[in-house]
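S.K.: Right, I'll just put the structure down here and ask away after.
Quick note: the coordinates plus some simple rules give every number you see, no bench work behind them. Keep in mind the model is a prediction, meaning the values are calculated, not measured. Here the Cβ positions follow ideal geometry from the backbone for every residue, glycine too, while neighbour counts run over all protein chains shown.
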Amino acid sequence: MSEILQVEKINSYYGKSHILFDVNLVVQEGKTLCLMGRNGAGKTTTFKSIMMVVPPKTGKVYFQGKDITGYKTYQLARMGLGLVPEDRRIFSPLTVKENLIIGMSTGRKGIWNINMIYEFFPVLKEFESRPGGTLSGGEQQMLTIARTLMGNPAVLLLDEPTEGLSPVMVKTLKDLVLKLKDVGTTILLSEQNIKFAMAVSDYVAIIDKGHIRYESDIETFKMNDEIKKQYLAV
Ligand SMILES: Nc1ncnc2c1ncn2[C@@H]1O[C@H](COP(=O)(O)OP(=O)(O)OP(=O)(O)O)[C@@H](O)[C@H]1O
Ligand SMILES: [Mg+2]
């Protein structure tokens, strides 16, 4: 097993507000690590710190063995960090297909191309000529994930993908993530939906008030009701 992404003792701030405190994370190639935590715990800030949208003030981020601290966000996308942000920014006037083509701008080669995407996301094939903005929230979530995959990332960063989705869409997303794992995708996920996280993850880390409070494999986490009560909304 090899470590593809490592976050080492990062401290991140918004202005003078200290948000992340010595955060450590390790993502193994081909595995799914879920960062869990309540609203405001620091999940998105961790993702933004990895992508250098909010560069950590101290600490390091390593990707494929390389120190990427201080790199530019666009460089990281080209190197293979594929972020699906929490706010699902699709290009509303552009068609579904045009949105997908934009995802290729990383210039990276790999298993993902438009045909493979349509195989994994039949609904996007059906709606390929529709403006992205006319899709439902759940369909737009699928489109943002698909667009990121079109860039053939080495690590897919999914920031709270189930947020605001109907139970049916959550199920569709679960099946999708399981299929992505089958083709070897490495995923860093953030979630508050424990059931979803337990269904798709190999490891979990819990963040609370910017501190990592717990880490384990998913089976150990499943049996630990105490930790779920303490740090997650159950
Ligand atoms: N742009 C910002 N400026 C100042 N403080 C911010 C900013 N963005 C987030 N914060 C604060 O940083 C802390 C962590 O926020 P973050 O968005 O990382 O949490 P989260 O775990 O992603 O929460 P959620 O589940 O609601 O998305 C919160 O206290 C939040 O208010
Ligand atoms: Mg968030």
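S.K.: Taking a cut-off of 19 Å between Cα atoms, list the aspartates and glutamates near Lys9, but don't count ones fewer than 8 places away on the same chain.
M.R.: Straight-line reach from Lys9, under 19 Å: Asp22, Asp67, Asp208, Glu215.
S.K.: Which chymotrypsin sites (Phe, Trp or Tyr not before Pro) from the stretch 82-129 combine a DSSP loop assignment with at most 16 other Cβ atoms within 10 Å? Walk me through the numbers on the way to the answer.
M.R.: Numbers: sites: Phe91, Trp112, Tyr118, Phe120, Phe127; in loops: Phe91, Trp112, Phe127.
Passing sites in the stretch 82-129 are Phe91.
S.K.: Under a point spin-label approximation (7 Å from Cα along Cα-to-Cβ), what is the Met104-Lys195 distance to one decimal in nm?
M.R.: Going by the 7 Å Cα→Cβ label model, 3.9 nm.
S.K.: Compute a Gaussian network model of the chain, connecting alpha carbons closer than 10 Å, and tell me which residue from Leu180, Leu83, Leu149 fluctuates the most.
M.R.: Maximum fluctuation in the GNM of the chain, among the listed residues, is at Leu180.
S.K.: Now a separate question. Taking a spot 7 Å from the Cα of Gln28 along the direction of its beta carbon, which residues of the stretch 180-206 have an amide N less than 19 Å from it?
M.R.: Answer for the stretch 180-206: 180-190, 197-206.
S.K.: Between Lys72, Lys16, Lys31, find the one with the highest GNM mean-square fluctuation for the chain; connect C-alpha pairs within less than 10 Å.
M.R.: Lys16
S.K.: If you restrict to DSSP beta bridges whose two residues both lie in the chain, what percentage is antiparallel, to the nearest 5? Walk me through the numbers before you get to the answer.
M.R.: Working: 22 of 40 bridges.
Around 55 percent antiparallel, to the nearest 5.
S.K.: Shape of the stretch 98-234 from its Cα gyration tensor (a ≥ b ≥ c, root eigenvalues): rounded if a/c is under 1.5, otherwise prolate when a/b > b/c, or oblate?
M.R.: In terms of gyration-tensor shape, prolate.
S.K.: Helices from the chain with mean Kyte-Doolittle at least -0.5 and a Cα length along the axis of 18 Å or more, per DSSP H: which?
M.R.: Length and hydropathy pass: 137-150, 167-182.
S.K.: Next up: What distance in nm separates the two pseudo spin-label positions at Ser17 and Arg78, each 7 Å out from Cα along the beta-carbon direction?
M.R.: Those two pseudo-labels are separated by 3.3 nm.
S.K.: Another one. When the chain is modelled as a GNM with alpha-carbon springs shorter than 10 Å, which of Pro93, Pro85, Pro131 fluctuates the most?
M.R.: Pro93
S.K.: Spin-label point model (7 Å from Cα, Cβ direction): what's the Lys57 to Ser216 distance in nm?
M.R.: 3.4
S.K.: Run the paramagnetic zone check for Gln6: 7 angstrom along Cα to Cβ, then residues of the stretch 61-91 with backbone nitrogen under 17 Å.
M.R.: Of the residues in the stretch 61-91, 61-70 have backbone N under 17 Å from the label point off Gln6.
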